[in-house]
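The values are calculated or read from the model by the stated rules, or taken from the named source; none is laboratory data. Quick caveat, the model's predicted, so the values are computed rather than measured. Every residue, glycine among them, receives a Cβ derived from its backbone with ideal geometry; neighbour counts consider all protein chains shown. Accessible surface areas use protein heavy atoms only, side chains included; no ligands, DNA or RNA. Shrake-Rupley method; radii C 1.70, N 1.55, O 1.52, S 1.80 Å.
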Amino acid sequence: MARPHSTRYTVAALLLLGAAVMILASLGQWQLRRGDERRAILAAIEAGRKQAPLQLAPDTDPAGMTPWRAAQATGVWQPQFSVLLDNRNHDGKPGYWLATPLLLDADARRAVLVLRGWLPRALPAPGQAPGQGPARPSLPAAPEGPQTVTGELSLRVPRLFEIWSLGGSDQSALPAALPAAGGDVPQVQNLPLDAYAKATGLVLLPTVLLQSDGGADDGLVRDWPQPSVDYQQNTSYAVQWFAFAGIAAIAWLAVLGGAVRRMRRRGPQA
């Protein structure tokens, strides 16, 4: 007669090991999908950078504004519409990205948004009490007159995840109209192009130019972060997960085989 406790333990072990096999195998599949996504990103970067540089103009066809493509624009800076993008770190240091539009056509108010570079977060002002917020950074002046800016294209301003957005509030909302009252430069977490165009009244090209040329020594760092494209790492992780799934499957077979052997030794029950 089979022992009820032994039978329950065997069934529980088979269920747990079976679940482990499915979970571990699914993790391996997920890593393979992540690897495919990174391959696609790498292919997009390579394809964009192989294209001839694009000259941005008010009537440039949006179809040619491929991400990662080198581009150049000539226009006049509009520093009154500048925005600081907060929580952008560089080499472990907190700071901002400075975004300023470049006006391509004054009559049509056609412009392209340019990420000009990174600048560090300012130290607290002398005598400033904790909790009063950081001192405002000193922004580099935008050169006057027509300027030619070169860089790479992006579909949008790279976003950061906003925890407070889950609660229905946005602590870094863009002002309804720019320039802001008092002439302060807004500090925001993210900058959607449609909201920015509405606030400024500009007609923006459906792209963002990440400036690469330094021009004058303005102190801005133009070392833009790159997406991770190490798909080999995902493949390595997938192999590990599949190996763990294989071990769990072998353990499942061993438990099942042991149960079958015990049943055979006991023989048929009356």
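Quick look at the numbers
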| quantity | calculated |
| --- | --- |
| Residues of the stretch 141-161 satisfying the condition of being in a loop (DSSP other than H, G, I, E, B) and in contact with a Phe, Trp or Tyr (Cβ under 7 Å, 6 or more places away or on another chain) | Ala142, Pro143 |
| Condition met for Tyr96 (open to solvent by less than 30 Å² (accessible area, probe 1.4 Å) and either on the phi < 0 side of the Ramachandran plot or under 24 Å from the mean Cα position of the chain (by Cα) (or both)) | yes |
| Which numbered condition Gln29 fails, given (1) open to solvent by 70 Å² or more (accessible area, probe 1.4 Å); (2) within 30 Å of Phe244 (Cβ to Cβ); (3) free of Cβ contacts under 8 Å to residues at least 40 places away in the same chain | (3) |
| Among the candidates Gly18, Gly64, residue that is without any contact (Cβ under 8 Å) to a residue 40 or more places away in the chain, open to solvent by less than 40 Å² (accessible area, probe 1.4 Å) and not β-branched (Val, Ile, Thr) | Gly64 |
| Some residue of the stretch 112-123 being modelled with pLDDT of 90 or more, part of a strand (DSSP E or B) and over 27 Å from the mean Cα position of the chain (by Cα) | no |
| Subset of the stretch 242-270 [open to solvent by 60 Å² or more (accessible area, probe 1.4 Å), under 29 Å from Ser26 (Cα atoms) and either in contact with a Gly (Cβ under 8 Å, 6 or more places away or on another chain) or at pLDDT below 80 (or both)] | Phe242, Trp252 |
| Selected residue (criterion: surrounded by the most Cβ atoms within 10 Å (Cβ to Cβ)) from residues of the stretch 99-123 that are without any contact (Cβ under 8 Å) to a residue 24 or more places away in the chain and among the aliphatic types (A, V, I, L, M) | Ala122 |
| Pick from the stretch 129-168, criterion modelled with pLDDT under 55 and surrounded by 13 or more Cβ atoms within 10 Å (Cβ to Cβ), ranking: farthest from Gln78 (Cα to Cα) | Ser165 |
| Filtered residues of the stretch 173-201 (kept if modelled with pLDDT under 90 and acidic (Asp, Glu)) | Asp184 |
| Some residue of the stretch 60-81 being over 18 Å from Thr150 (Cα atoms) and either touching a helix residue (DSSP H, G or I) at 6+ places or on another chain (Cβ under 9 Å) or of a type in the set (S, T, N, Q) (or both) | yes |
| From Ala57, Ala44, Ala73, residue being surrounded by 15 or more Cβ atoms within 10 Å (Cβ to Cβ) and under 24 Å from the mean Cα position of the chain (by Cα) | Ala44 |
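Here's the yes/no breakdown for (1) of a type outside the set (Phe, Trp, Tyr); (2) buried (at least 17 other Cβ atoms within 10 Å of the Cβ); (3) touching a residue at least 12 places away in the same chain (Cβ under 8 Å):
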| position | (1), (2), (3) |
| --- | --- |
| Ala195 | yes, no, yes |
| Gly201 | yes, no, yes |
| Leu205 | yes, yes, yes |
| Leu209 | yes, yes, yes |
| Ser236 | yes, no, no |
